[in-house]
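Read-outs throughout are calculated quantities, based only on the coordinates presented, and are distinct from any laboratory measurement. Predicted model only: the values in this text are computed from it and were never measured. Every residue, glycine as well, gets a Cβ built from its backbone with ideal geometry; the counts of neighbours run over all protein chains shown.
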Amino acid sequence: MTTTALPGHPHFTLRDGELFAEDIRLQDLAREHGTPLFVYSKASMLRALAAYQRGFAGRKAQICYAMKANSSLGVLQVFVQAGCGFDIVSGGELERALIAGAKGKDIIFSGVGKTRAEMRRALEVGVGCFNVESEAELDVLSEVAVAAGRTAPVSIRVNPDVDPKTHPYISTGLKGNKFGVAHERTVHAYQRAASLPGLKVVGIDCHIGSQITDEGPYLDAMDRVLDLVQAVEAAGVPLHHIDFGGGLGIDYDGVVPPGADSLWRKLLAKIDARGYGDRHFMIEPGRSLVGNAGVCLTEVLYLKPGAQKNFCVVDAAMNDLPRPAMYQGHHNIVPVSSRGGDAQTYDVVGPVCESGDWIGRDRALSAQQGDLLAVLSAGAYCMSMASNYNTRGRAAEILVDGVRAHLIRERESVADQVRLERTAS
């Protein structure tokens, strides 16, 4: 048997022309569960996590999975069992984390628009830290905490005004972004937090963006954060931990980001040189843990020649895989079973009634009606952003663990979609 791993996807292999996830043939999963179908490799997730664990070996550190990347319960359970905490951005994500088995103390609550109800619930379960994103939020959280008779541990998210060199929609650390407290307001904000009842300052937080493939922005941001640590503590507010967020990218189309372990060796060397190496560190990776651990299987419905383009119409669409439509994101697309033959150039498109419903442009494929294709790097920001547009049910999800395949989400039916709706009469 000839076995070849897909580039950037070591646990997805071609074996004599058949695509496998770990030790399970993907064609068999598609036949059993239908398409579109998301398939995740547990070994891939743990391999990605291990790189961060190596980077922090010997340090006081907590890795909190940013669950907005993929919040399916079966995926969350993998990270709970591996000892991770969670970074959440909503009350719904808080409840998901708890259902998956997380403890409140291992949860960090981020996000620019926390409601009073979300704050109360987070205080009730004892979240480890609120990453506060504005001075107004400090006031509201203080009021809520005092009314609840509790103390809210807080870290202020600072905006370092560093360009992450990524898509503008997923850049979060520039002056024009909605996130965090402005660099020049940071010391004032910390003094204010320290003076408010119901709050306890415990750390500082920074997150500059997502799908970052260059180490330069991280190194620049770390310099600015450490400058702020020094300034805040000089103003009389001690900081227990430094939270440097996430944002490390994955290889979608041959642009290879730095390894998590090598990146953090460089960042920690910078931290050590500044005298902060004994601090407790928190990080919040998301995409880099799950992105290349997932694929979306889809069936070719029609091959449609056109005057200017040829179209390969598949049964997955922008409601299943939103990244191409939203971010012009690239996903490699490969056959699940290689048939050989001459390739033609196609735009791979879905059935949704939008010209923006495309999965890949100008792809060389040898495909026939009824063939199965695998859309790669589909583990992050696909199912978590999926919708019911055109009254399409969300796809089923499978978690593969060696020779076992676990159905972690059933395919959504129309009855599931309309369950909470009522007619007017």
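For this structure, a couple of remarks:
- Footprinting exposure proxy for 105, 68, 266 (fewest neighbouring C-beta atoms within 10 Å first): 105, 266, 68
- Ordering 277, 210, 9 by Cα displacement along the dipole of the chain toward the positive end leaves 277 in first place; charges were set at the Cβ atoms of Lys, Arg (+1) and Asp, Glu (-1).
- Electrostatic dipole magnitude of region 74-124 [Cβ: Lys, Arg +1; Asp, Glu -1; Cα centre; debye, to 20]: 160
- Virtual paramagnetic centre 7 Å along Cα→Cβ of residue 125, amide N under 20 Å, in region 42-72: 62-72
- Net charge dipole size for region 110-285 [Lys, Arg +1 and Asp, Glu -1 on Cβ; Debye, nearest 20]: 480
- Counted without the sites themselves, the longest stretch of the chain free of GluC sites (Glu not before Pro) in a DSSP loop having at most 15 other beta carbon atoms within 10 Å is 1-353.
- Distance between modelled label sites at residue 362 and residue 343, nm, 7 Å Cα→Cβ extension: 1.4
- Residues of region 185-222 with an amide N closer than 15 Å to a point placed 7 Å from the Cα of residue 233 along the Cα-to-Cβ direction: 202-205.
- Contour excess over end-to-end distance, with Cα ends at residue 240 and residue 389 and 0.36 nm allotted per residue: 49.1 nm
- Length added when fully stretched, residue 403-residue 307, from 0.36 nm per residue minus Cα-Cα: 30.0 nm
- When the Cα positions of 232, 294, 244 are compared along the charge dipole of region 213-303, 232 comes out farthest toward the positive end, with charges on each C-beta of Lys, Arg, Asp and Glu.
- Sequence-separation-based contact order of the chain, relative, with Cα cut under 8 Å and 6+ spacing, percent: 19
- Rounded FRET efficiency, nearest 0.05, which uses the C-beta distance separating residue 410 from residue 353 and R0 of 41 Å: 0.95
- Relative contact order (%) - criterion: Cα under 8 Å, at least six apart; region: region 110-285: 20
- For the chain, the Cβ-based charge dipole about the Cα centre amounts to some 620 debye (Lys, Arg positive; Asp, Glu negative; other atoms uncharged).
- Rg [Å, one decimal], Dmax [Å, integer] - region 197-266, C-alpha atoms: 14.9, 51
- Projected label distance in nm at residue 81 and residue 3, using a 7 Å step from Cα toward the beta-carbon: 2.1
- As a proxy for reagent exposure, ranking 282, 67 by other Cβ atoms within 10 Å from fewest up yields 282, 67.
- With Cα atoms defining each centre, region 72-151 and region 239-296 are spaced 22 Å apart in the structure.
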